[in-house]
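Below: the structure, in structure tokens.
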Amino acid sequence: MKKIMIGIVVVLCAVLFVSAAFAGEKGSEGNYWAPWFKPALYVGYAFDANDPEYTFTTRGLAPLGLTKIDLRVPHLSGVYVAGELPIAITCRFKVALEGSWTWSLATDDMKEVYNGGLARRTWDLDNNSDAVTLNFLASYAFVKDLSFIKDISAVGGLRWDYHSMRFDEPYNPIGVASSGADTIDFRMHTLAPVFGLTSTLKGYKSGIFGGNIKLGLLGGPIVWGHVNYKEKVGGVNLWHFNDDLSSGGYLFKIFGEITALSGKITPAIDGSLSLFAQCTLSKTGGTLDATTRSGATGSFDFDTSSSVVAIGLKAAITF
């Protein structure tokens, strides 16, 4: 949690410092370096490309006789909404603050499997699975206006993710004590440093139709996190994982967009509408300590991975 808070504070301070430090300065080419803005709104559809799964595997003695817990959650399928606020410090150096919210509309049940399939039960999804992401990215264009290449930029920054799920009313138990009043609450935060490249290419344009093509990839080999997992039986915690994750895992994102429409909204404001697509592959893991209803404790290896695809429309204005 401390790492997450430190990352958020660093992002906020960087945005405020950069905006104040460069506002109104003038570059060697005679152009003002005051920040210009190109806010954008993304709306689309997001879904899981692979089966999502959350696994807890004991590292020693098995509390309550359980050596492994698999949560086979419903596939993500729902609404993707995001916003982006890039600030151009110079014609080459930019910073951007981005945020997204994915609201899953999936209504499938979740299967909880114990000890590799010896016991199991099925849960109803109590509320929609939500995922929130915040990014702070800085980029520098080391190639600019070279033939059909408008720019190629090196990118670095931080990415913070939050995911929550809640399940209740388990049914069809096999080999496990169960009650219709049982619940599961799952919350996970992750923080990852990311690095990569983006490029903007000149595309076909005729009048207001067509425009630039943007491609990019980001990745990071380190993912910090925190998991808070509560499985309650009769209102009392059967399992409670509330622990930080080590720096295991990775994150990789590939994305692209192509301008469909662009033109003047007013003499001082340009607007554009683009098609976008992105795929984010992530893996998070580490060691968690658990407390059981009886007060016994245990150490577990935690592992989860996902492959989330989002497609849709991006609307942006420049002023």
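Things worth noting here:
- Annotation: of all residues in region 56-67 being in a loop (DSSP other than H, G, I, E, B) and in contact with a helix residue (DSSP H, G or I) (Cβ under 9 Å, 6 or more places away or on another chain), the one that is modelled with the highest pLDDT is THR67.
- Some residue of region 257-273 being within 30 Å of ALA296 (Cα to Cα) and crowded, with 17+ Cβ neighbours inside 10 Å: no
- Residue ID - farthest from ASP70 (Cα to Cα), chosen from residues in region 275-302 that are among the polar types (S, T, N, Q) and in contact with a Lys or Arg (Cβ under 8 Å, 6 or more places away or on another chain): GLN278
- The strands (runs of 3 or more DSSP E) falling completely within region 184-249 that include 3 or more residues that are in contact with a helix residue (DSSP H, G or I) (Cβ under 9 Å, 6 or more places away or on another chain) and closer than 18 Å to HIS163 by Cα map to 224-233.
- Residue that is surrounded by the fewest Cβ atoms within 10 Å (Cβ to Cβ), among those in region 111-147 that are under 30 Å from ILE174 (Cα atoms) and touching a residue at least 60 places away in the same chain (Cβ under 8 Å): TYR114
- Per the listing THR280, THR266, the residue uniquely of a type in the set (Val, Ile, Thr) and modelled with pLDDT of 90 or more is THR280.
- Count of region 68-82 residues which are surrounded by fewer than 17 Cβ atoms within 10 Å (Cβ to Cβ) and not in a strand (DSSP E or B): 1
- Residues considered: SER305, SER272, SER262. Of these, the only one that is farther than 21 Å from LEU66 by Cβ, part of a strand (DSSP E or B), touching a Lys or Arg at 6+ places or on another chain (Cβ under 6 Å) and small (Gly, Ala, Ser) is SER305.
- A Cβ distance below 7 Å, combined with a sequence gap of six or more or placement on separate chains, defines the contacts here; from region 216-230, residues that are closer than 12 Å to SER282 by Cβ reach residues that are of a type in the set (Val, Ile, Thr) and surrounded by 16 or more Cβ atoms within 10 Å (Cβ to Cβ) in the pairs LEU218/VAL155; LEU218/VAL194; GLY219/VAL194; GLY220/VAL194; VAL223/THR190; VAL223/THR284; GLY225/THR190; GLY225/THR284.
Residue by residue, here is whether (1) closer than 22 Å to GLY312 by Cα; (2) β-branched (Val, Ile, Thr); (3) in a strand (DSSP E or B) holds:
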| position | (1), (2), (3) |
| --- | --- |
| GLU84 | yes, no, yes |
| THR90 | no, yes, no |
| LYS94 | no, no, yes |
| TRP103 | yes, no, yes |
| ARG120 | no, no, yes |
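- In region 124-157, the residues that are in contact with a Leu (Cβ under 9 Å, 6 or more places away or on another chain) and farther than 30 Å from GLY203 by Cα: ASN128, SER129, ALA131
For every residue, the table says whether it meets (1) surrounded by fewer than 16 Cβ atoms within 10 Å (Cβ to Cβ); (2) more than 24 Å from ALA82 (Cβ to Cβ).
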{"position": "ASN172", "(1), (2)": "yes, yes"}
{"position": "SER179", "(1), (2)": "yes, yes"}
{"position": "ILE184", "(1), (2)": "no, yes"}
{"position": "ALA192", "(1), (2)": "no, no"}
{"position": "LYS202", "(1), (2)": "yes, yes"}
{"position": "LYS205", "(1), (2)": "yes, yes"}
{"position": "LEU218", "(1), (2)": "no, no"}
{"position": "ILE222", "(1), (2)": "yes, no"}
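- Residue match in region 161-171 (condition: under 30 Å from THR122 (Cα atoms), aromatic (Phe, Trp, Tyr), more than 26 Å from the chain's Cα centre (by Cα) and in a strand (DSSP E or B)): yes
The values are calculated or read from the model by the stated rules, or taken from the named source; none is laboratory data. These numbers come from a predicted model, not from an experiment. Counting neighbours? That spans all protein chains shown, and the Cβs are built from the backbone with ideal geometry, glycine included.
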